[in-house]
1. Is the stretch 49-58 home to any residue that is near the ligand (Cβ under 9 Å from one of its atoms), touching a residue at least 60 places away in the same chain (Cβ under 8 Å), in a helix (DSSP H, G or I) and more than 15 Å from the chain's Cα centre (by Cα)?
2. Hey, which of the strands (runs of 3 or more DSSP E) in the stretch 80-191, taking only ones fully inside, have at least 1 residues that are closer than 23 Å to Ala269 by Cβ?
3. Could you check, for the stretch 114-123, whether at least one of its residues is under 21 Å from Lys15 (Cβ atoms) and surrounded by fewer than 21 Cβ atoms within 10 Å (Cβ to Cβ)?
4. For the stretch 73-87, what are the residues that are among the small types (Gly, Ala, Ser) and near the ligand (Cβ under 7 Å from one of its atoms)?
5. Under 6 Å between Cβ atoms, which residue pairs at least 6 apart in sequence (or on different chains) link something in the stretch 23-43 that is away from the ligand (no atom under 12 Å from the Cβ) with a partner that is assigned to a loop (DSSP other than H, G, I, E, B) and modelled with pLDDT of 80 or more?
6. With the requirement that a residue be in contact with a Ser or Thr (Cβ under 7 Å, 6 or more places away or on another chain) and either crowded, with 21+ Cβ neighbours inside 10 Å or within 13 Å of Trp33 (Cα to Cα) (or both), what does the stretch 233-276 give you?
7. Filter the stretch 45-67 down to residues that are among the acidic types (Asp, Glu) and farther than 13 Å from Ile143 by Cα, then give me how many there are.
8. Got a sec? Which of Tyr234, Tyr277, Tyr270 is at pLDDT 90 or above and out of contact with any strand residue (DSSP E or B) (no Cβ under 8 Å at 6 or more places or on another chain)?
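The values are calculated or read from the model by the stated rules, or taken from the named source; none is laboratory data. Every value quoted in this text rests on a predicted model; they were computed, and no experiment measured them. Virtual Cβ from ideal backbone geometry, glycine too; neighbours counted across all protein chains shown.
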Amino acid sequence: MAPSDSDYLDRLTSKYSKLVRFAGALEQPFLNWGYWCDDAGAADGRSRAVASESLVRRVARLADQRGAASLLDVGCGTGGSTVALARHLDVPSLIGVDLCGASIDFANDYLKATALQDRVRFLAANAVELPFEDASFDTVTAIECAFHFHPRTRFFEAANRLLRPGGQLIMTDWIQGRASRTLIGRIISGWALKYWDIPKANIVNLDGYETSLRHAGFCTVSVTPIADKIIPHYARYVATPKGFDELSIAMGRMKTRLYIGLVKLVHAAYRMGLVDYVIVEARKD
Ligand SMILES: C[S@@+](CC[C@H](N)C(=O)[O-])C[C@H]1O[C@@H](n2cnc3c(N)ncnc32)[C@H](O)[C@@H]1O
């Protein structure tokens, strides 16, 4: 591994270790921005935990459960995504993996409070070096995390290797928007890369994303923007007194003010067509 890779992974692990406090203090095990519309299309008035679980449910809806025996949830964070997938899918065995050991410790404690210990387990692993045999899963999920993987294309190859024929990779992810070639687009991309720990190689738009999945061996590929159900609502949530108080638990008041400013900037970037958020389904032949 190149030194820059290990520096990058250390920085990321340290950042997410601090966020474990957030999950603990709020007693909710999710680290994603949430899907803020229910099936009837109603938005707002929901808690962050409900929205975060709705994002997982949105992913679960795409899973083909016919005969599915095993699921791997990569970048599972504090375990909420894997446990919610276990609740929403009839799959006997689920494994959640994350780079951050502190998150995996939290996930294991959280699992003890559920009745899912015979179906779910967690372990620490890097998404681009997954310690499993070829063709050992029917479904691989990665909810709001692949933009961090160094690089994401190596994760696509790993997921393809781990899936059985006919298996599915289902993800949500941040991508570059259609208008990102402008100067302002390049400036905002540069800042986002730094603040959100996104390797440069992962900055691709929707067409580039689809192409990378096909190069990794996936045949049927669908990449659908869903940012309108996520970014404006999360931006509104962080600006509420409740959102501010919740975030302050993890970051303190000063950093929360800065973070809210950055979220507003992401919202502006989305409105300008510079960033997007997608749900992805890719199938192996
Ligand atoms: C925004 S959180 C999402 C967590 C979870 N999927 C959820 O929905 O709550 C992103 C997660 O990706 C993990 N991550 C980042 N890079 C990783 C890598 N190379 N391998 C495994 N996990 C990684 C982080 O530690 C973090 O827990």
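1. No: zero hits.
2. Once the strands (runs of 3 or more DSSP E) in the stretch 80-191 are filtered for at least 1 residues that are closer than 23 Å to Ala269 by Cβ, what remains is 137-143, 163-176.
3. Going through the stretch 114-123, the residues under 21 Å from Lys15 (Cβ atoms) turn out to be 122-123.
Then keep just the ones that are surrounded by fewer than 21 Cβ atoms within 10 Å (Cβ to Cβ); that gives 123.
For the stretch 114-123, residues under 21 Å from Lys15 (Cβ atoms) and surrounded by fewer than 21 Cβ atoms within 10 Å (Cβ to Cβ): present.
4. Scanning the stretch 73-87 gives Gly75, Gly77, Gly80, Ser81.
5. These pairs meet every condition: Ala43/Trp36.
6. Leu247, Leu274 - these are the residues of the stretch 233-276 that are in contact with a Ser or Thr (Cβ under 7 Å, 6 or more places away or on another chain) and either crowded, with 21+ Cβ neighbours inside 10 Å or within 13 Å of Trp33 (Cα to Cα) (or both).
7. 1
8. Tyr234
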